[in-house]
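Reading through the structure tokens given below for one structure.
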């Protein structure tokens, strides 16, 4: 090879290497995959069924700070119905012009001007709010002209909220996902407000690509925005700089639609008045997909639930067996058993069902069931003359009276079988007592009634006095908290006469354990129940009774409601689970 050819070869090789290096530098680089944000815990505090105040399926909701209530409306109804709903469920009708809420995308309330701002396709309209001494509420047009927002070129607007700190407005738009910030001057009559886009992070843009988001809410406590990806049943929290802060799952709520997310002060007056809870206006639909049967709900949720305290070690428990309470084995089924007690005199279980009254024909099916220790149905009864939502049952072994709770009316009923000493006959004597808690389950011990307080996370108790029955000489009620120990939706409670302690369970999906408490509220022991499952409603009422295989031993029996009939009107998955707390052979 001549020197000239060798030199040419070296030049060509060098040129090819430069070209290769340059090409590699021009290739797009793949960003490191962002770590998924694990969902944070939340807790349902209360549920309001909108049908109870005349709105079967509301389409919108806004919080009115001045009146401390929610304005809820159904623009699809022929009457354009609007109601003011207090956070405890009190109702007030609202006068409004017929077309005011038509074509509405979202609404925010300005407490400084007492005006509602209504987002429609290309404009923001205004309604004035007034309430007179008779507590009637009126929504009327103001002199403020609509704001023209056609310049935003909205494609599929789905949310509207207001920054309670500085008054900025935010609009959520889909296809592609955009969050638009509007800044209104003091003179809100200007035609074209200033606006800019919230720059969403690449992580959020990837999550929201080809997805449809629903509604938008501002949380003044964290200065952040919340939206919903309904297909995935996930709520996303977004910072004001466009980054993903946290996620919350909605799977256990089984919501078919979410019409509004709103942050407002909680119902519990003992809570921090500056703290806000999340209120969700949603619709649930049974699994049969019948659109006409969708029902509206307002859910209050805390995003800061208490958890099981550090240092509590879960002891093992052992599954023995379970038996079904459905139609395949029982002539009259119990699809949602909620309470259970043991009858020593007959060796039977007595169960109550809190939802069977909602199955057609209404109030015609039994809601009280007697079963053998092997799970066979013996006989049935019903309580509809005095109680419809029978959520718990207990027995006083001293006088053989029954105690039944109805969480619809927050009452305890004592049933005396009367002179014939037979329950469910005409001479039965019913004594009732109202209580200041969500009366889910009930138990009796030491001449005292103990109540499981549902999502209030409390146990309420009161002594019966010298006469041993519910009467005027009952002791004043006392309460202690269980929420701090991780029992956030307390629906099961029973008294263990051998130990003189209370055993409780929560129906919340994450509370997969059993707790033993002293009568003064000290957590003594906890057992793992994860094998029962993490879905909601798998742990309801409970009782101690002789073991099915060896009556000399004592086992725990837990009833399970499973899928709620509001989710699937044809569900029939009730069952009773027997467990041992001492060992697999015991």
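The values are calculated or read from the model by the stated rules, or taken from the named source; none is laboratory data. Values in this document were obtained by computation on a predicted structure and should not be read as measured data. All Cβ positions, glycine included, derive from the backbone under ideal geometry; neighbour counts span all protein chains shown.
Among the residues of segment 155-188, those that are within 23 Å of residue 203 (Cα to Cα) and not in a strand (DSSP E or B) comprise 155, 175, 176, 177.
Scanning segment 474-488 for residues that are at pLDDT 90 or above and in a loop (DSSP other than H, G, I, E, B) gives 474, 475, 476, 477. Among the residues here, residue 520 does not qualify as modelled with pLDDT of 90 or more and outside any loop (DSSP other than H, G, I, E, B). For residue 460, the requirement of being crowded, with 16+ Cβ neighbours inside 10 Å, within 21 Å of residue 313 (Cα to Cα), in contact with a strand residue (DSSP E or B) (Cβ under 7 Å, 6 or more places away or on another chain) and at pLDDT 90 or above is not met.
If the condition is being touching a residue at least 40 places away in the same chain (Cβ under 8 Å) and surrounded by fewer than 20 Cβ atoms within 10 Å (Cβ to Cβ), then segment 225-234 contributes only 234. Of the residues contained in segment 411-433, none is found to be crowded, with 18+ Cβ neighbours inside 10 Å and either assigned to a loop (DSSP other than H, G, I, E, B) or on the phi > 0 side of the Ramachandran plot (or both).
When 216, 253 are screened for being in contact with a strand residue (DSSP E or B) (Cβ under 9 Å, 6 or more places away or on another chain), at pLDDT below 90 and under 21 Å from residue 72 (Cβ atoms), only 253 passes. Say whether the condition of being surrounded by fewer than 19 Cβ atoms within 10 Å (Cβ to Cβ) and assigned to a helix (DSSP H, G or I) is met by at least one residue in segment 527-544. Yes, there is a match, as at least one residue in segment 527-544 is surrounded by fewer than 19 Cβ atoms within 10 Å (Cβ to Cβ) and assigned to a helix (DSSP H, G or I).
Taking the conditions exactly as written (closer than 21 Å to residue 560 by Cβ, surrounded by 22 or more Cβ atoms within 10 Å (Cβ to Cβ), in the same structural domain as residue 537 (by TED's automatic domain parsing) and under 28 Å from the mean Cα position of the chain (by Cα)), does residue 391 satisfy them or not? Judged against the criteria, residue 391 is a match.
Among the residues making up segment 235-255, those that are surrounded by fewer than 19 Cβ atoms within 10 Å (Cβ to Cβ), under 14 Å from the mean Cα position of the chain (by Cα) and assigned to a strand (DSSP E or B) are 248, 249.
Among the criteria (1) surrounded by fewer than 21 Cβ atoms within 10 Å (Cβ to Cβ); (2) in the same structural domain as residue 340 (by TED's automatic domain parsing); (3) free of Cβ contacts under 8 Å to residues at least 40 places away in the same chain, the one residue 572 does not fulfil is (3).
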